[in-house]
Amino acid sequence: MPFFLKAFILFFAGSIAGVINSVAGGGTLLSFPALMFTGAPAVSANATNALALMPGLVGSLWSYRRELGAQRRWMLRYVPVSLLGGLLGGILLLQTGEGHFRAIVPYLILFAATLFTFRNSVSRWLEIEAHTIEQSRHGLAAAIFFQFLVAVYGGYFGAGIGILMLAALGILGQTRIHQMNALKVLLSLLINAAAAVYFIASGVILWPEMVMIGAGALSGGYAGPHLARKLGEKPVRVFVSVAGFAIGLYFLL
């Protein structure tokens with residue numbers, strides 16, 4: 001593939017992924033397939049994608065810096081398990097051979113797309129009285145353990161962790177979407193960072209591709225919260241759902 005065409009595809013995919021991650025989550029459903037489409041091996045594409053999307057998350061976090069202040073209590077609870085789970089997920093990814101990981105890629109994408117599309121049903125299925133969890137020591141422990149499992153999945157693949165975290169925060173009684181998004185972006189950044197450190201040390205990052213995706217993700221991530229406040233989330237959610245299923249079916253077939 002010509003260099004400039006490859007650069008355009010990856011920058012564009014990174015930009016859209018940055019917007020989507022800051023608004024609704026699920027940007028990996030576009031950026032990861034874009035890396036594979038341009039010729040990257042599946043495991044390296046996934047590892048590179050985790051690192052490449054971090055600039056976009058940093059941009060989003062800066063845009064949400066005012067809302068993040070209201071989440072200090074949950075930051076203290078969730079940051080340690082997010083770092084630990086992200087690192088463990090990254091280790092598990094590199095223990096999966098290229099052939100095996102490529103074989104399960106379509107199912108991971110379709111799972112994430114299903115999770116994203118039916119997030120309201122997922123929330124209802126997991127529904128527990130928010131005040132009971134908040135006041136229960138066991139309920140709080142369960143919420144922290146759930147975040148740990150989300151972080152492990154995030155370090156391994158990543159698509160859909162934003163939906164899982166937003167659903168969990170909603171169950172815990174949070175209703176302010178921008179504050180919830182602020183915490184989601186922070187935790188996503190930490191999960192990716194923990195996995196990315198291991199990926200860098202293991203030498204599996206495709207650096208030119210990472211720069212192309214990352215530059216796009218930074219611009220999209222910074223613009224995303226501003227677009228969310230003006231346009232709302234529905235158009236982005238519909239686009240991600242359709243694209244996710246289409247890409248998953250493409251890889252499956």
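The values are calculated or read from the model by the stated rules, or taken from the named source; none is laboratory data. The model shown is predicted, which means the values in this text are computed figures rather than measured ones. So basically every Cβ, Gly included, is an ideal-geometry build from the backbone, and we count neighbours across all protein chains shown.
Numbers at a glance
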item: Pair list, Cβ under 6 Å, 6 or more apart: segment 56-68 residue farther than 20 Å from Gly216 by Cβ, other residue of a type in the set (A, V, I, L, M, F, W, C) and at pLDDT 80 or above; result: Glu67/Ala182; Leu68/Ala182
item: Boolean, Pro80 is part of a helix (DSSP H, G or I), in contact (Cβ under 8 Å) with a residue 60 or more places away in the chain and surrounded by fewer than 24 Cβ atoms within 10 Å (Cβ to Cβ); result: no
item: Filtered residue count, segment 205-221, keeping only those that are in a helix (DSSP H, G or I) and crowded, with 19+ Cβ neighbours inside 10 Å; result: 11
item: Condition met for Gly26 (surrounded by fewer than 24 Cβ atoms within 10 Å (Cβ to Cβ) and not in a helix (DSSP H, G or I)); result: no
item: The lone exception for Tyr64 - which of (1) crowded, with 17+ Cβ neighbours inside 10 Å; (2) more than 28 Å from Gln174 (Cβ to Cβ) it fails; result: (2)
item: Qualifying residue in segment 148-171 (condition: surrounded by fewer than 24 Cβ atoms within 10 Å (Cβ to Cβ), touching a helix residue (DSSP H, G or I) at 6+ places or on another chain (Cβ under 8 Å), at pLDDT below 85 and hydroxyl-bearing (Ser, Thr, Tyr)); result: no
item: Residues located in segment 30-55, provided they are under 19 Å from Ser219 (Cβ atoms) and either in contact with a strand residue (DSSP E or B) (Cβ under 8 Å, 6 or more places away or on another chain) or in a helix (DSSP H, G or I) (or both); result: Leu30, Ser31, Phe32, Ala34, Leu35, Thr48, Asn49, Ala50, Leu51, Ala52, Met54, Pro55
